[in-house]
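Worksheet: one structure, shown below.
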Amino acid sequence: MLNRQGRPTQAGAAAAETHETFTGNRALQQIEPLIFEIGHHETTGVDIDKPTPFKSRLGKHARQDGIGLPGLSEPEAMRHYVRLSQKNYGIDTGLFPLGSCTMKHNARLNEKMARLPGFSDVHPLQPVSTVPGALDVMLELARYLMTLTGMPAVALSPKAGAHGEACGMMAIKAAIAAKGEGATRKIVLVPESAHGTNPATAALIGFTVKSVPARADGTVAVEDVKALLGPDVAAIMLTNPNTCGIFEPEIVEIAAAMHEAGAYFYCDGANFNAIVGKARPGDLGVDAMHINLHKTFSTPHGGGGPGAGPVVLSERLAPFAPVPFIHAEDGKSRLVEHKADAPEGNDPFGRMTAFHGQMGMYVRALAYMLSHGSDGMKQASEDAVLNANYIRAGLSDLMSLPFPDHPSMHEALFDDDWLKGTGVSTLDFAKAMIDEGYHPMTVYFPLVVHGAMLIEPTESESKASLDLFIATLRDLAMAAKGNDKTRFTAAPHHAPIRRLDETRAARQPVLKWEKPQPVKEAAE
Amino acid sequence: MRYLPLTDTDREDMLARIGVPSVDALFSDVPAGKLLTEPLDLPRAKGELEVERIMGRMAAKNVAATSVPFFVGAGAYKHHVPATVDHLIQRSEFLTSYTPYQPEIAQGTLQYLFEFQTQVAALTGMEVANASMYDGSTGTAEAVLMAHRVTKRRKAVLSGGLHPHYTQVVETLSEMASDEVVALPADVSASEDILSQIDDSVSCVVVQSPDVFGNLRDLAPIAEKAHAHGALLIAVFTEVVSLGAVTPPGAQGADIVVGEGQSIGNALNFGGPYVGLFAAKSKYVRQMPGRLCGETVDADGQRGFVLTLSTREQHIRRDKATSNICTNSGLCVLAFTIHMTLLGQAGLSRLAEVNHANAVKLADALAGVKGVKVLNETFFNEFTIRLPKPAAAVVEALAEKGVLGGVPASRLMPGAGLDDLLIVANTEINTDDDRAAFVAALGEVLA
């Protein structure tokens, strides 16, 4: 057989031979040591001239010892990090159906905009008169967020979703204190299906968490909420659409019940991508909701951050928004950095972070919003929901749905009932997906569903991509049911590394590199 | 719409496969009357070119640090970042990956986190470091909570040299959690008596060095007194480059070290995203907030890395977690660790030396301007000067002359009686010409 260059490929013979390589590398997959194993203490990849002689003003504080860190020359550093990057899976690699995380396409236009010197190269404390464009970005982003959510105010500064939760709950706590009920309203209701950040946030700022049971259909019942309400309840933290991928059907009644009881409704906005342009939290009775700009508005997840978590607030909570914020009045805007500078009627509860929040993320999110427009954002949400339901329709005859009675929103949730008796676990199934070239879905969350598999394709996938994904999962599902366990229990086989021993990592924590002791000394 | 791959034909086919007449049928759980029928009152979709025009116009209204003689610091610093850094952090596999919950396909992220933790531990002189916080200020608030867990006490003493915004972040969280905070008044000359505040009721003492006025502080006596009373010393820094030149807090007895890592690898970004560095003694590791990356082996015995000790974290422990943090500063960590790897200890020491040398030159030059007094006995790359006029007005006048000359203390601490103080930073970016322009402009403004 000839290939296009006319050379014999001899594919048959090549396939038969497998052997260990001398280096341990496998072609493009290179084993890469730690920088501490390849660098030298005297090496640097940054050329800086020695300063002309001067008299030190460090006093007795001058560092006496070496730091103990190697450097790499520029070519060594480039190769090190490129090789590391090749061991990572990103959205640009393939479908990344991580439920609750909204791994959508990250447009490079947004990266380019964030790097304009007028945004990236401005200091948070340079004179306000020299940064009118930065304030413009913040005001414009705020306008979009308020319009999309139907809420009258927004606190921009929180640095990520959980930080936004803290901000919203602090505003609620401040509002309760202002009514003189700080000593009595101590309980926050959190459904069992909630993200772990919700109870952690409530506890962080001094509330006691009380669990709301999940109904058999995966939603929260207003009757169950009412049964827990009383003068000691401060708020409910409810995710909508919820973590089971369902729009809470009784959300308006739940909000009304909270308000009637003198309490507040905090909405976890992690799943806002399902409803942008389709429904507004402000119309549903929400008092506060954080928006993960790194989910819904596509700022890159970056291997775990940075994010941004602006919080929209109702009229009742708006006066308590933290500093700093921009106060706009009579067509003029003013940066308020201190509580004492707050306009009449405002009583900021404090400060969330040193500066103005995640400006770099504001720029990216605003570029996303401008690009999509109101029509494109609505279409994106519809496509995200359509894609999730298409996957659900393509798999529900083989994989079990815990909540078949509600349509899915932007993510489809399966349980592991269908794996019973196969010897294959949800984790095994996820690891087998890696071998097929996919990032696994979110597994074992939400906690209320046994062996949960939460699939969120986002609007970024084409129909062809979804069809191949569905076909792959169907093939895997049939293999699992057909007791072809080898594809699962030892998976992944083809990743840069095999399954890792997490128990050992936790039992004998090795959290930094230590210089190896010479073997002789170690034996003594 | 360029970001949406589905065609109208696809959408019709998919709806048919699902078995619903329209996409709105999938939104049937939305309560009656709450489903929007018309697009919201916002502009329609735009092409790249138009978006670039709009964003470009806004960006052009701001004065970029590189375009003028620039001496603004007080918690964020303009440094030169090698071109390699921004290239590498934009590689798809780094930029578009998620938190490494599937370690088999995230060894790239995990290995650089492990390297980062090692670098931060070495820089701070501590035994263990986490995989980052949002920034220095939120890290400081988390450190106080951690000290409360370790000591089972709930009272923090904050130095008057701590960045006032950091103080406010700690106060805000502490007030919400009903914890006590004693914040000492602004301490311009590093002469406060913090030792007398330490007794058996105190959980932790929080001290920044270089402090917000630029002074270098002696931490060892504070650590000693704190330890004698069962309290912890939390050492804070906002300028990580200083660790290339000064004795690290770990060598002075600090129990927890937190700092802002923006200076290495990261742009000013008008205040964010930045990267919080967080290190501690290893005996406290199980009380630390945030993610930790650890070494282990795979099924073949090969070395690999995973997120570990996650029973401290919110996704496992929920309301008993050590923190609610989830998303952290991943990509800013990558920028930090690449820049730090390029520098190495040799490069960092040299960088720190140049920063200090430049600051000394500027301090000497400014001391020669009539009516100006340099207040610091010691400093690294930032110091405080007393002016014969209110600093806020002077800074505005300097800006009109094209010089961004520092941060008025009154902007950070209004009403503290510090109106005539200006906090001035000088890094490697400033040339002799920049300094000369600053000195000349200041002379004119004060004349």
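We did not get these values from a lab; they are worked out from the coordinates using the rules stated. Keep in mind it's a predicted model, so treat the numbers as computed, not measured. Cβ coordinates were reconstructed from backbone atoms using ideal geometry, including for glycine residues, and neighbour counts include every protein chain displayed.
Annotations for the structure displayed:
- Helix-only mean residue ellipticity at 222 nm for chain A, each DSSP H run of n ≥ 4 adding -39500 (n - 2.57), per residue, nearest 500: -10000 deg cm²/dmol
- Sequence-separation-based contact order of chain A, relative, with Cα cut under 8 Å and 6+ spacing, percent: 17
- Over segment B:187-300, the alpha carbon radius of gyration divided by the compact-protein estimate 2.2 N^0.38 Å works out to 1.22.
- Within the same chain, lysines fewer than 8 places from A:Lys87 are excluded, and of the rest, those with a Cα less than 29 Å from its Cα are A:Lys104, A:Lys112, A:Lys159, A:Lys295, A:Lys431, A:Lys463, A:Lys485, A:Lys512, A:Lys515.
- Inter-label distance for B:Ala416 and A:Gln86, nm, one decimal - labels placed 7 Å from Cα along Cα-to-Cβ: 5.2
- Across all directions, the shadow cast by the convex hull of segment A:249-323 built on its C-alpha atoms averages 6.1 square nanometres.
- Calculated SAXS-style log₁₀ I(q)/I(0) at q = 0.17 Å⁻¹ - segment A:111-367, Debye, Cα scatterers: -1.30
- Both radii are taken from the alpha-carbon atoms of segment A:383-494; with Rh as the Kirkwood radius, Rg/Rh is 0.94.
- Centre separation in Å (Cα based) which lies between segment B:285-301 and segment B:206-239: 29
- When A:Glu344, A:Glu461, B:Glu171 are arranged by Cβ crowding within 10 Å, least crowded first, meaning fewest neighbours, the order is A:Glu344, B:Glu171, A:Glu461.
- Set of segment B:253-293 residues, backbone N closer than 11 Å to the point 7 Å along the Cα-Cβ line of A:Gln29: none
- Placing R0 at 60 angstrom, the Cβ-Cβ distance between B:Thr311 and B:Ala436 gives a FRET efficiency of 0.55 after rounding to 0.05.
- Across segment B:114-208 the C-alpha pair distances fall into 10 Å bins from zero in the proportions 16, 43, 34, 8 percent.
- Calculated FRET efficiency for the pair A:Asp501/A:Asp417, C-beta based, R₀ 25 Å, to 0.05: 0.30
- Legend: helices of chain B (whole DSSP H runs) are marked when their alpha-carbon atoms reach 24 angstrom or more along the helix axis and their mean Kyte-Doolittle hydropathy is at least 0.5; marked are B:330-367.
- Globularity index of segment A:429-524 is 1.54 (Cα radius of gyration / 2.2 N^0.38 Å, N = number of residues).
- Among the listed pairs B:Lys78/B:Lys281; A:Lys173/A:Lys339; A:Lys50/B:Lys78; A:Lys55/B:Lys225, those beyond 22 Å (Cα-Cα): B:Lys78/B:Lys281; A:Lys55/B:Lys225
- The alpha carbon centroids of segment A:167-223 and segment B:110-133 are separated by 34 Å.
- Percent of C-alpha pairs per 5 Å bin in segment B:1-150, short distances first: 1, 6, 7, 9, 12, 12, 11, 13, 10, 9, 7, 3, 1.
- Most mobile of B:Ser349, B:Ser178, B:Ser242 in a GNM of chain B (Cα contacts under 10 Å): B:Ser178
- Among the GluC sites (Glu not before Pro) within segment A:135-204, those in coil by DSSP and having at most 15 neighbouring Cβ atoms inside 10 Å are A:Glu192.
- Kirkwood Rh, angstrom, segment B:83-339 [1 / mean 1/r, Cα pairs]: 18.5
- R0 of 60 Å, Cβ-Cβ distance B:Leu49-B:His227: FRET efficiency to nearest 0.05: 0.45
- Taken over segment B:1-65, the alpha-carbon convex hull comes to 174 cubic angstrom per residue.
- Of the GluC sites (Glu not before Pro) in segment B:374-444, those whose Cβ has at most 15 other Cβ within 10 Å and which sit in DSSP loop: B:Glu377
- Segment A:94-162 and segment A:238-305: distance between their alpha carbon centers, rounded to Å: 19
- As a proxy for reagent exposure, ranking A:Met289, A:Met78 by other Cβ atoms within 10 Å from fewest up yields A:Met78, A:Met289.
- This ranking places B:Val275, B:Val51 by how few other beta-carbon atoms lie within 10 Å of each, fewest first, which gives B:Val51, B:Val275.
- In chain B, helical runs assigned H by DSSP with n ≥ 4 each contribute -39500 (n - 2.57); averaged across all residues and rounded to the nearest 500, the mean residue ellipticity at 222 nm is -11500 deg cm²/dmol.
- Isotropically averaged projected area of chain A, using the convex hull of Cα atoms (one quarter of hull area), nm²: 35.4
- Build a GNM of chain B with springs between Cα atoms under 10 Å apart, and of B:Val169, B:Val212, B:Val120 the one that fluctuates most is B:Val169.
- Candidates B:Pro103, B:Pro249, B:Pro164: whichever shows maximal mean-square fluctuation once chain B is modelled as a Gaussian network with Cα springs under 10 Å: B:Pro103
- Distance histogram in 10 Å bins (all Cα pairs of chain B, percent per bin): 4, 18, 26, 23, 16, 8, 4, 1, 0
- Simple spin-label estimate for B:Ser178 and A:Lys481 in nanometres, 7 Å along Cα-Cβ: 5.5
- Orientation-averaged projected area, Cα convex hull of the protein assembly as shown (nm²): 41.4
- Hypothetical label at A:Lys55: residues of segment B:350-364 whose amide nitrogen lies under 14 Å (7 Å Cα-Cβ projection): B:360-364
- A:Gln64 paired with B:Ser92, simple spin-label distance in nm, labels 7 Å along Cα-to-beta-carbon: 5.3
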